[in-house]
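Participant: Following this message is one structure expressed as structure tokens.
The values are calculated or read from the model by the stated rules, or taken from the named source; none is laboratory data. Everything quoted here is computed from the prediction, not taken from an experiment. Glycine also receives a Cβ, built like all others from the backbone with ideal geometry; neighbour counts cover every protein chain displayed. Accessible surface is based on the protein model in full, side chains and every heavy atom, while ligands, DNA and RNA are left aside. Shrake-Rupley method; radii C 1.70, N 1.55, O 1.52, S 1.80 Å.
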Amino acid sequence: MMFRDKTYWLVGASHGLGRALAKALDAEGAKLVLSARSPDELRNLAHSLTSASALPLDVTDSEAVARASKEIGPLDGVIYCAGAYDPMAAADWKPEGAERMADVNFMGALRVLGQVVPAMAKRNAGHIVLIGSLAGHRGLPNAIGYGASKAAAMHLAENLRADLRRTNIKVQMINPGFIRTRLTDKNEFDMPQIMSADDAAQNTLKAMKSNRFSTSFPAPFAWLFVLGRYLPLKWFQAIFGQSK
């Protein structure tokens, strides 16, 4: 199996997709370093897996990220799955909340990858996975902070691919739809094709095993966003009741 005895740093492992993905990778034989802000939950998860260690981390702290990277040492892969989310409309803008989403969802990825990618480039080997979102494809209602931060992370993955395409470093961008977690519990609207965290993890694992750069799921809901990138914005937003 491609993950057996490979060391992956999974950032954002304590809840939801990250937690389920840790279990899925463990079943594939990977050695895991698990990071998140919840030390007790991380340690409990690590103890339940075959080969995993807990490394509590706040991705908004640049010095802490640098220390963590040095502690871990060489890696075969890194998965950035940390995420913050609050539904937020422009008229109800909460500056601190919007800034936190940007800090965790995008700036955190910059901090982590800034410590990891140069070493991978020097070794000419590695696997980089960024977890985006269908919400990052185009502007949506009530997504101030979240949508833009996920779009930035997805754009970052494209930058990485452009720079590393002629190396032995595999870069992937994986964009899930709605996942049943404590974050989506905040939503008060219908969420089409909402997945369990375990199902989303299996879709993510399948994508990681493929040679595709970008994977969006679940189909057919994801097709609306992937193909919607080529529609005029007013047509795309009309689908979500913003037709002006």
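Participant: Is it fair to say Thr181 is closer than 22 Å to Leu32 by Cβ and either without any contact (Cβ under 8 Å) to a residue 12 or more places away in the chain or of a type outside the set (A, V, I, L, M, F, W, C) (or both)?
Facilitator: yes
Participant: Still on this structure, please answer the following. For segment 56-67, give me each residue that is closer than 24 Å to Met154 by Cβ and either β-branched (Val, Ile, Thr) or in a helix (DSSP H, G or I) (or both).
Facilitator: Val59, Thr60, Ser62, Val65
Participant: Quick check on segment 89-101. Is at least one of its residues over 27 Å from Gly147 (Cβ atoms) and surrounded by fewer than 17 Cβ atoms within 10 Å (Cβ to Cβ)?
Facilitator: No, every residue in segment 89-101 fails to be over 27 Å from Gly147 (Cβ atoms) and surrounded by fewer than 17 Cβ atoms within 10 Å (Cβ to Cβ).
Participant: Could I ask something else about it? Quick test for you: out of Tyr80, Tyr8, pick the one residue that is open to solvent by less than 50 Å² (accessible area, probe 1.4 Å) and more than 17 Å from Asp103 (Cα to Cα).
Facilitator: Tyr8
Participant: If the requirement is being under 25 Å from Gly77 (Cβ atoms), open to solvent by less than 50 Å² (accessible area, probe 1.4 Å) and in contact with a Ser or Thr (Cβ under 7 Å, 6 or more places away or on another chain), which of these qualifies: Leu156, Leu164, Leu160, Leu134?
Facilitator: Leu134
Participant: Taking Pro192 as meeting all but one of (1) in contact (Cβ under 8 Å) with a residue 40 or more places away in the chain; (2) open to solvent by 40 Å² or more (accessible area, probe 1.4 Å); (3) closer than 22 Å to Leu227 by Cα, write down the number of the exception.
Facilitator: Pro192 satisfies all of (1) in contact (Cβ under 8 Å) with a residue 40 or more places away in the chain; (2) open to solvent by 40 Å² or more (accessible area, probe 1.4 Å); (3) closer than 22 Å to Leu227 by Cα except (1).
Participant: When residues of segment 47-77 are filtered for being open to solvent by less than 40 Å² (accessible area, probe 1.4 Å) and of a type in the set (Gly, Ala, Ser), how many remain?
Facilitator: Qualifying residue count for the region: 8.
Participant: Somewhere in segment 219-230, is a residue within 21 Å of Asn142 (Cβ to Cβ), of a type outside the set (Ser, Thr, Tyr) and at pLDDT 90 or above?
Facilitator: Scanning segment 219-230 turns up no residue that is within 21 Å of Asn142 (Cβ to Cβ), of a type outside the set (Ser, Thr, Tyr) and at pLDDT 90 or above.
Participant: When only residues in segment 20-39 that are open to solvent by 20 Å² or more (accessible area, probe 1.4 Å) and more than 24 Å from Lys70 (Cβ to Cβ) count, which is nearest to the chain's Cα centre (by Cα)?
Facilitator: The qualifying residue nearest to the chain's Cα centre (by Cα) is Lys23.
Participant: Another one. Any chance segment 189-197 includes a residue that's acidic (Asp, Glu) and either more than 21 Å from Ala84 (Cα to Cα) or part of a loop (DSSP other than H, G, I, E, B) (or both)?
Facilitator: Yes, segment 189-197 has at least one match.
Participant: If you don't mind, there's one more thing I want to ask. If I go through segment 4-55 residue by residue, how many of them are assigned to a loop (DSSP other than H, G, I, E, B) and either without any contact (Cβ under 8 Å) to a residue 60 or more places away in the chain or of a type in the set (Val, Ile, Thr) (or both)?
Facilitator: 12
Participant: Still on this structure, please answer the following. Could you tell me whether any residue of segment 115-128 is without any contact (Cβ under 8 Å) to a residue 40 or more places away in the chain and under 25 Å from Ser210 (Cα atoms)?
Facilitator: We begin by selecting, within segment 115-128, every residue without any contact (Cβ under 8 Å) to a residue 40 or more places away in the chain; these are 118, 122.
Subsequent filtering for residues that are under 25 Å from Ser210 (Cα atoms) retains 118, 122.
Yes, segment 115-128 contains at least one residue that is without any contact (Cβ under 8 Å) to a residue 40 or more places away in the chain and under 25 Å from Ser210 (Cα atoms).
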